[in-house]
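Each remark here refers to the structure printed beneath this line.
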Amino acid sequence: MTNKIIQTVEQPYLKKDIPQFEVGDTVDVATRIIEGEKERLQIFSGIVIMKKGSSVNETFTVRRIVNNEGVERIFPLHSPFISRVTVKRSGESRRAKLFYLRDRVGKATRLTEKRKSGRKDETTAGTGAPDTEPHELATSAAS
């Protein structure tokens, strides 16, 4: 529980447009890199293995494999150097921290993709008909 004064001081530094991503999602994190006078974007893509903290101190860790070696990078969520976070794939996980992926190699690091939770009604599934029940049609035809 944080102090109300600290929350009011931190409020202007919080980002408003944070994308919704969870642990297990595959993301592309675009970071702003300043080299001398020039500025460019560098994309780091991988699986989110951990989220922690709150408010300004919120961070997330992204892991990827480069040249058969695991690379993890911790990003502050509200940093001005992070321009955008794009969710490429939603992974299904039952844990808050996916540290067990560090021990896995190759295809074993893949997570199953999260299923869409939208379910159609059985009476109109696949027919393309509007969601009306048969007794409603009978009463409207009798009128």
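The values are calculated or read from the model by the stated rules, or taken from the named source; none is laboratory data. Treat the numbers as computed from the prediction; the structure is a model and nothing was measured. A quick note on method: Cβ atoms are made from the backbone with ideal geometry, for glycine too, and the neighbour counts reach across all protein chains shown.
Could you say whether any residue in region 91-109 is on the phi < 0 side of the Ramachandran plot, in contact with a helix residue (DSSP H, G or I) (Cβ under 6 Å, 6 or more places away or on another chain), modelled with pLDDT under 90 and of a type outside the set (A, V, I, L, M)? There is at least one residue in region 91-109 that is on the phi < 0 side of the Ramachandran plot, in contact with a helix residue (DSSP H, G or I) (Cβ under 6 Å, 6 or more places away or on another chain), modelled with pLDDT under 90 and of a type outside the set (A, V, I, L, M).
Residues that are part of a helix (DSSP H, G or I) and either surrounded by 11 or more Cβ atoms within 10 Å (Cβ to Cβ) or of a type in the set (Val, Ile, Thr) (or both) within region 11-26 comprise just one, Tyr13. Exactly one residue out of Ala96, Ala108 is free of Cβ contacts under 8 Å to residues at least 40 places away in the same chain, loosely packed, with under 14 Cβ neighbours inside 10 Å, of a type in the set (A, V, I, L, M) and outside any strand (DSSP E or B), and it is Ala108.
In region 61-74, the qualifying residues are those that are among the hydrophobic types (A, V, I, L, M, F, W, C) and modelled with pLDDT of 95 or more, and the one that is surrounded by the most Cβ atoms within 10 Å (Cβ to Cβ) is Val62. Could you tell me whether Thr8 is surrounded by 14 or more Cβ atoms within 10 Å (Cβ to Cβ), out of contact with any Leu (no Cβ under 8 Å at 6 or more places or on another chain) and polar (S, T, N, Q)? So Thr8 does not fit the description; no.
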